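The values are calculated or read from the model by the stated rules, or taken from the named source; none is laboratory data. Quantities reported herein were computed from a predicted structural model and do not represent experimental measurements. Don't worry about glycine lacking a Cβ; one is built from the backbone with ideal geometry, like all the others, and counts go over all protein chains shown. The accessibility values were calculated without ligands, DNA or RNA, using every heavy atom of the protein model including side chains. Shrake-Rupley method; radii C 1.70, N 1.55, O 1.52, S 1.80 Å.
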Amino acid sequence: MVHPRFNPGSFWNYSRACEVVGAKYPAPPLGLITVAAMLPPDWEVRLVDRNTTELTDADIAWADLVMTGGMLPQQYDALHVIAWAQRLGKTVVVGGPDPTSSPHAYARADFLVLGEVEGLMPRFIAAWEAGERRGRFTAEKFKADITTTPVPRYDLLNLSDYTNLSLQFSRGCPFTCEFCDIIELYGRVPRTKATAQVLAELDALLARGYRGHVDFVDDNLVGNKKALKAFLPELIAWQERNGHPFEFSTEASINLADDPDLLELLRRANFFLVFIGIESPNPETLRLMQKKQNTRRSIPDSVHRVQRAGILVIGGFIVGFDDEATGVADGIVRLIEDAAIPVAMAGLLYALPNTQLSRRLEREGRLHSGGDVVNSKGLLGDQCTSGLNFDTKRPREEVLQDYRQVVARAYTPEAFFGRLRRAGLNLGMKPPAGRVALRDLPRDAIRFARLALAFQREGGAVRREFWRTIRALLRHNPRALKPVITLAALYTHLGPFSGYVLDVIDRQIEDVATGRWQPPVPVPVLPDDLPEPALAQAAGRG
């Protein structure tokens with residue numbers, strides 16, 4: 001099993017932050033290790049995560065079958081792995097969200113396993129053992145029974161490679177955001193695992209000796225509130241029985257803030273971080289993108305309620321919607337500051353394949369061709385540098401200028417650490433949040449020392465603002481130090497990355513202004529000698 005590299009020029013590629021805490025990459029390949037648990041017990045499985053480990057000819061030569069695939073930001077490397085394995089005479093099977101959305105991009109693979117894999121793997125395994133060496137297997141949409149999903153093969157991982165480990169409780173989201181592909185892949189009726197399944201996964205992590213950060217990778221943890229409220233008391237009891245070995249993060253919609261009982265359950269279970277898609281401060285823009293759950297509310301007040309429950313908020317923001325007016329940057333930056341959201345994932349609108357947005361833009365003749373296949377530059381970035389794959393309503397240069405302002409203003413040391421201080425001081429840190437376990441002290445002390453040294457070397461405003469934040473928390477809310485330090489470490493990536501984004505956007509603005517800009521040229525059929533993506537890595541370091 002080969003987990004392809006993610007694009008290096010990405011918001012989420014926290015390589016420098018990982019180095020500070022002694023890890024190699026943020027999160028493991030949960031999809032592959034879950035599939036590994038579905039394979040026959042007599043199949044010997046090896047895993048190579050190309051984000052943490054090198055893949056060699058010998059690794060491929062050892063195998064009878066190579067399994068790979070993943071998400072759109074992994075497409076370039078996945079295609080490289082396919083070509084590499086086939087060049088060495090191996091059969092390749094691909095799966096995951098990107099092959100499911102864009103199977104034509106993976107046509108050269110021998111097997112395509114498309115859609116949710118529960119119920120599909122027995123068919124593939126039977127075909128393989130019957131001697132078939134090519135084929136396509138497609139799951140019926142939204143029908144997978146995830147109560148049958150086995151405990152992932154955590155034993156295949158080198159746990160120390162990652163800053164956090166992950167598991168899944170539910171799939172799907174009840175909302176209809178136009179730009180989102182989750183409802184296209186997993187549907188609008190969230191399906192959940194049984195409580196015993198999730199606790200068995202936690203037991204497996206505990207048995208492996210892991211302690212620390214576990215991410216619930218659900219696309220919207222609160223999509224099925226009834227099921228979640230039934231599960232959380234069991235999770236709380238599990239944490240209490242086992243001495244609170246884990247702190248949790250997840251993704252949820254903003255209506256989480258409307259339910260104080262749910263916030264209290266999440267706090268007691270030791271959730272410390274949530275990603276919320278906020279997108280825009282403009283209610284009309286939110287209505288047009290069908291994100292109505294974010295309207296009829298004060299976003300800052302909603303975020304502050306989550307913070308007072310002891311949970312830090314990371315926010316997602318998008319520039320490039322059709323009805324935006326010039327100067328939208330001012331509203332986004334003001335919202336980020338008012339809500340005290342330290343990490344603001346600001347991106348350019350990207351029409352993902354097979355979404356309501358891409359279908360509408362195609363009907364309007366505005367969607368650029370080949371946006372779902374690797375382009376001539378290897379899709380070096382993500383929505384931060386490779387967005388707007390369509391003809392914008394506003395002048396493209398104007399949209400890019402607004403986006404540039406958001407990035408430039410949000411990620412100065414003063415702005416980032418100022419928000420982090422305010423968020424930390426607002427955190428309601430009743431137990432178990434912020435508890436200090438003796439077993440974790442050596443690890444946490446080493447991580448803090450590494451981070452402090454990194455910021456000391458940085459000097460200037462970064463060093464000053466970091467220590468100002470630490471002093472404020474020690475004086476007024478010391479229990480919030482651990483989650484605040486966790487987010488502070490991300491600035492080792494976000495500071496340099498914001499500079500990289502500004503450089504790329506400045507070049508795009510210049511190209512548009514001088515008439516040199518052209519939509520990227522897609523390369524739907526890749527040659528057998530597809531170059532090693534390390535070339536792309538060098539270009540994306542920033």
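Laid out as a table, the results:
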| read-out | value |
| --- | --- |
| Considering only the chain, percent of DSSP beta bridges that pair antiparallel, nearest 5 | 10 percent |
| Computed over the stretch 79-175: relative contact order in percent, which uses C-alpha pairs under 8 Å that are six or more apart | 20 percent |
| Dipole of the chain, positive direction: furthest Cα of PHE272, LEU206, VAL217, with charges on the beta-carbon | PHE272 |
| Rounded FRET efficiency, nearest 0.05, which uses the C-beta distance separating TRP43 from ARG136 and R0 of 22 Å | 0.55 |
| For the stretch 201-207, 3J(HN,Hα) per residue [Karplus equation, 6.51 cos²θ - 1.76 cosθ + 1.60, θ = phi - 60°, Hz, x = Gly/Pro] | 5, 5, 4, 5, 5, 4, 5 |
| Test item: Cα-centred dipole of the chain, Lys/Arg +1 and Asp/Glu -1 on Cβ, debye | 1720 debye |
| Relative contact order [Cα under 8 Å, 6+ residues apart], the stretch 424-481, whole percent | 62 percent |
| Rounded percent of accessible protein surface that carbon and sulfur make up, the chain, 1.4 Å probe | 53 percent |
| Stretch gain in nm, segment GLN518-ALA61, where the contour uses 0.36 nm per residue and the Cα spacing is subtracted | 160.4 nm |
| Those Cys residues of the chain for which no other cysteine Cβ falls under 4.7 Å | CYS18, CYS173, CYS384 |
| When each of LYS141/LYS226; LYS24/LYS143; LYS229/LYS292; LYS143/LYS393; LYS143/LYS292 is checked by Cα-Cα distance, pairs over 29 Å | LYS24/LYS143; LYS143/LYS393 |
| Charge dipole of the stretch 322-472 about the Cα centre (unit charges at C-beta), most positive-ward option of ALA329, ALA472, ALA346 | ALA472 |
| 3J(HN,Hα) from dihedral phi, the stretch 345-351, Karplus parametrisation 6.51/-1.76/1.60, rounded to Hz, x for glycine, proline | 7, 8, x, 8, 4, 10, 7 |
| Protection proxy ranking of 450-463, 281-294 - average other beta-carbon atoms within 10 Å, highest first | 281-294, 450-463 |
| Most to least packed among 259-265, 115-121 [average Cβ atoms within 10 Å] | 115-121, 259-265 |
| Amide H contacts of ILE311 (H built 1.01 Å from N, under 5 Å, at least 5 apart or other chain) | GLY428 |
| Nonlocal amide H pairs with GLU251, under 5 Å, H built at 1.01 Å | ASP218, LEU221, PHE275 |
| Whole-angstrom gap from the stretch 443-459 to the stretch 460-498, using each part's C-alpha centre | 11 Å |
| Nonlocal amide H pairs with ALA351, under 5 Å, H built at 1.01 Å | LEU388, ASN389 |
| Whole-number percent relative contact order across the chain, with pairs defined as alpha carbons under 8 Å at least 6 apart | 16 percent |
| Estimated FRET transfer efficiency (ASP155, LYS225; beta-carbon r; R0 22 Å; 0.05) | 0.05 |
| Semi-axis lengths (Å, descending) of the ellipsoid that matches the C-alpha gyration tensor of the chain | 34, 30, 24 |
| Net length gained if the chain between ASN242 and SER298 were fully extended (0.36 nm per residue, minus Cα distance) | 16.3 nm |
| Simple spin-label estimate for ARG287 and GLU178 in nanometres, 7 Å along Cα-Cβ | 1.3 nm |
